[in-house]
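Values quoted throughout were computed directly from the atomic coordinates according to the rules given, and no laboratory measurement underlies them. What you see is a predicted model, and the numbers here were worked out from it, not measured in a lab. Ideal geometry is used to build each Cβ from the backbone, glycine not excepted, and the neighbour counts take in all protein chains shown.
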Amino acid sequence: MGYLLIVMILCFLTSTEGYKFYVGGKDGWVVNPSENYNHWAQRMRFQVNDTLFFKYKKGSDSVLLVTKEDYFACNTRNPIQSLTEGDSIFTFDRSGPFFFITGNADNCNKGQKLIVVVMAVRHKPPQQQQSPSPSSAVPVPTASPVSPPTSPVPRLAIRQSRRRAVRLHRSRNRARWE
Ligand SMILES: *[C@@H]1O[C@H](CO)[C@@H](O)[C@H](O)[C@H]1NC(C)=O
């Protein structure tokens, strides 16, 4: 039961605070990262409230959030948002695609650009009929705490949250070693 509670808290924290992704890993935001930015991004799972960390020195580079058209054209003149202060952090406030390019058009043409697709916000599965409790985040059966978990419902819930925790660990480890 303690394990389940820890898993629940973990899920809650990660879903509201988000996870920080280091663009380019140790290389940071550069013209020739050791792994192409879009190859990297395709292996990651980005969610709303996750953040991107772009490592670069103020004055030597910048990060522009642009439209799809400006991304492919490397047009730096019409950014939706520009991050110029060095070591920029960008938070995903919605799901869907985000297009980033460097403020240096030449370097953009050499490939210093990044597309991130943020996954749709997952809806919680509908609660079982018995438990319209206000704390819907904790699907622990309150009616009979002493009985062994013979009913399939709580076991399924536990399996699901374990799977989710494992997934979270995997994506965290991947991000950490990138
Ligand atoms: C993102 O963060 C905001 C503010 O902390 C929160 O209200 C919202 O529920 C979060 N969204 C997700 C999908 O975690």
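A few remarks follow.
- A simple spin-label model places pseudo-atoms 7 Å from Cα toward Cβ; at residue 78 and residue 122 they are separated by 3.7 nm.
- Other-chain or far-sequence residues with amide H under 5 Å of residue 62's (modelled H): 103, 104
- Inter-label distance for residue 30 and residue 44, nm, one decimal - labels placed 7 Å from Cα along Cα-to-Cβ: 1.7 nm
- Check: the range 14-121 dipole with +1 on Lys, Arg Cβ and -1 on Asp, Glu Cβ, in debye: 140 debye
- Considering only the range 14-121, percent of DSSP beta bridges that pair antiparallel, nearest 5: 75 percent
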